[in-house]
Amino acid sequence: MLVIDGFFENGVFIPQKPINHIEGRKKAVLRIGYYDEKQERLNAWKEFSKAIQASDEVLEGEPERLNFKSPEAMSLNETRS
């Protein structure tokens with residue numbers, strides 16, 4: 001059995017990766033699941049967290065300081081553009 005991930009949009013199946021190795025006519029079954037964008041982002045952050053925790057990289061030196069703009073400052077920059 002071959003599993004091909006993708007999206008079904010407006011009556012068309014769009015695979016995530018090209019399908020070039022299937023030749024001839026084959027029987028196929030399409031299983032439609034509901035896409036949950038919030039869950040997708042949560043899963044991505046979980047994977048990122050696992051990768052960070054599994055890393056054995058030694059941190060050296062001082063971390064670079066980040067400066068975040070306030071929403072008001074960002075709003076001022078948009079109006080000046």
- Item | Conditions (1) free of Cβ contacts under 8 Å to residues at least 12 places away in the same chain; (2) within 27 Å of the chain's Cα centre (by Cα): number failed by residue 60 | (2)
- Message: Among the residues that make up segment 13-23, is at least one of them at pLDDT 85 or above, surrounded by 10 or more Cβ atoms within 10 Å (Cβ to Cβ) and outside any loop (DSSP other than H, G, I, E, B)?
- Response: yes
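The values are calculated or read from the model by the stated rules, or taken from the named source; none is laboratory data. Predicted model, so just to flag it, every value in this text is computed and none were measured. For neighbour counting, all protein chains shown are included, and Cβ atoms are generated from backbone atoms with ideal geometry for every residue, glycine included.
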